[in-house]
Amino acid sequence: MAKRARNKINLFPYVAKRPQKDGTFKPRFVPGSRERAMGYRGQDLKHENGRWYTLDEASGWALAKQAEIAEQRKTGKKLKSPPVPRGRTVEAMFDAFTKSDEYRGSVDADGNVLVKGLSETTQGGYKRAVKPLKSEPIWQSPPGAIDAIVMKALHKKIMQERGLGMASQALAAIGSAFAWGRLNGWLPKINGQIMESPYRNLKLPKPEVRIRVATVAELTALITAADYTFVDGVALSSVGDAIATGFYSGQRKKDIIEFIDAVEVGQRLALKQSKTDAVVSIPRAPILVDRLARGKERRKTLGLKVEAMNLIINERTGGAYSSRQLRDDFALVRDTAIAGVLDVEATAIARELHAAEQRNTPEPAIWILPPCPTLAQPDRYGFIFPDLRDSGVTWLARAECTVPEIGSITGHSMGTIYSILKHYLQIDTHLADNAIRKLIEKMEREGLAV
């Protein structure tokens, strides 16, 4: 006779699964006599919208309830209130997270920052990222019912339906909510310890890191193409100004469109942000200074009524650029750079001469700006505006700037710079060659001759 397995874990303590003829289940919490004496009462395991818990949800709820009962038993007292507050769902936890100081930040009466909070970009990203979760069972489940198995299955489902990038963003967003919830009373205790976040140590697959650094030819093509790209008869030259500013300052697009002034201080250029009054001081780059000066003159020549103090002006409206409009205009400029700008008159003359001489060669083309097809790489997005930031930091490193020197120019933290360099310099043969050159020179100075 086979022996009964000992220490078998009961995944559904105090829960009757109640299988139905159609293969579904209607789980119910059924406390024993000792638990009823403590004040616990039976209840159907349903969501507020009437949907029954799945077996995974019921198991998570049951294990959390078992731990709760064990803690309550230690007190020797009856329950004073219903054991399961209504509305304690993952949705409610995420909503509370988005209203917290850790999410929004907080300041005192004098405007001093008490809690930094998340950036506006991160806040918006989190809210967009959780949209796929709202149609999933997890959204209306109790936070304590969610474990690593549920999270991993959820990641796999979203990845299959919407791709790895969306799945990673969704779980990162809800993972941050769980981390906050753990420290703010949203997760139950198990054996006296607060339940760990189910997102912790999942070791999920991550999207491939985007590695894109602009070449000199690509930067030249982009900046030049801006002057030859027209919308409603107006050149997108201001996009060229934004490209130069993004590259030389190493700032994000959001920061660039918020700059309101550029003041030359000695050999440096001070850029001031409109919302925070923060000043980014960078070395005086002649190309950038020239672009910004030409921008002011261009707007005077156009007689444009400028309605914003911003450094980068949408010259079709006279106002500041929105993030989306700059993205769209940059895409138009990039398309011009990819296609090139043909000198129509010079090409027509050259082709007349070519035809008259009856040459057996391809027709000539005279370019104001030669095509730059590499800007369409490395993926379906091609070179995008955020790549300018990484290009700026990378080129500073190529110029043998140290991490503190890069930080003094871009204003980024050391951690942010190391993060960029980790991803973007690992394939940089220029830096590898430079490192070997330095090693060779060092060893030769030390007298190594073998």
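No lab work stands behind these numbers, since they all come straight from the coordinates. All of these numbers come straight from a predicted model, not from anything done at the bench. Every residue, glycine as well, gets a Cβ built from its backbone with ideal geometry; the counts of neighbours run over all protein chains shown.
Structural remarks
- Counting only the Cα atoms, the range 318-409 fills a convex hull of 180 Å³ per residue.
- For the range 244-266, the residues whose backbone nitrogen is under 11 Å from a point 7 Å from the Cα of residue 119, taken along Cα to Cβ, are 251-256.
- Separation in nanometres of the label points that stand 7 Å from Cα toward Cβ, at residue 209 and residue 443: 2.7
- Modelled FRET efficiency - R0 45 Å, residue 360 with residue 325, Cβ distances, 0.05 increments: 0.40
- Across the range 197-296, C-alpha contacts under 8 Å between residues 6 or more apart give a mean separation that, scaled by the residue count, equals a relative contact order of 17 percent.
- The ranking of 52, 367 by Cβ neighbour count inside 10 Å, starting from the fewest, reads 367, 52.
- At R0 = 35 Å, FRET efficiency that the Cβ-Cβ distance of residue 374 and residue 302 yields, to 0.05: 0.60
- Long-range HN-HN contacts of residue 281 with modeled amide H, under 5 Å: 271
- Counting charges near residue 25 (Lys, Arg +1; Asp, Glu -1) among other residues having Cβ under 9 Å from its Cβ returns a value of +3.
- Sequence ranges 305-316, 194-205, ranked by mean other-Cβ count within 10 angstrom, highest first: 305-316, 194-205
- Max mean-square fluctuation residue, GNM over the chain, Cα-Cα springs under 10 Å, options 376, 153, 129: 153
- For a straight C-alpha distance cut-off of 17 angstrom, the aspartates and glutamates reachable from residue 438 (same-chain residues fewer than eight places away being disregarded) are 400, 428, 446.
- When +1 charges are put on Lys and Arg Cβ atoms and -1 charges on Asp and Glu Cβ atoms, the dipole computed for the chain relative to its Cα centre reaches about 3920 debye.
- Once the gyration tensor of the Cα atoms in the range 15-75 is diagonalised, the equivalent ellipsoid follows with semi-axes of 24, 12, 10 Å, ordered largest first.
- Label-point separation, residue 128 to residue 194 (7 Å along Cα→Cβ), nm: 3.1
- Extending 7 Å from Cα along the Cβ direction at residue 99 and again at residue 367 yields two label points whose distance is 5.8 nm.
- Sequence of 437, 389 once ranked by neighbouring C-beta atoms within 10 Å, starting from the fewest: 437, 389
- For residue 341, residues with placed amide H under 5 Å, excluding near neighbours: 368, 369
- Across the cross-link table entries 65/156; 46/206; 17/189; 65/152; 17/127; 21/206, which are compared at the Cα atoms, the separations over 30 Å belong to 46/206; 17/127; 21/206.
- Put simply, the C-alpha atoms of the range 322-363 give a gyration tensor, and the ellipsoid matching it has half-axes of 37, 9, 4 Å, longest first.
- Length-normalised contact order of the chain in % [C-alpha pairs under 8 Å, at least 6 apart]: 11
- Proximal aspartates and glutamates relative to residue 253, as straight alpha-carbon distance under 18 Å, when same-chain residues fewer than 8 apart are discounted: 120, 241, 261, 277, 315, 328, 329, 387, 390
- For the range 90-194, with +1 on Lys and Arg beta carbons and -1 on Asp and Glu, the positive-most of 92, 105, 172 along the dipole: 172
- Mean Cα-pair separation over length for the range 90-194, i.e. relative contact order, pairs under 8 Å, 6 or more apart, %: 29
- In terms of packing, defined here as the mean over residues of other Cβ atoms within 10 angstrom, the peptides 254-266, 116-128 line up highest first as 254-266, 116-128.
- Debye-formula intensities of the range 135-177, expressed as log10 I(q)/I(0) at q = 0.15 Å⁻¹, are -0.33 (one equal scatterer per alpha-carbon, no solvent).
- 4 °C / 1.567 mPa s Stokes-Einstein diffusion coefficient of the range 90-194, Kirkwood radius on C-alpha pairs, µm²/s: 88
- Here the residues 322, 249, ranked from fewest to most Cβ neighbours within 10 Å of their Cβ, fall in the order 322, 249.
- Principal axis dimensions, largest first and in whole angstrom, of the chain by Cα: 102, 66, 62
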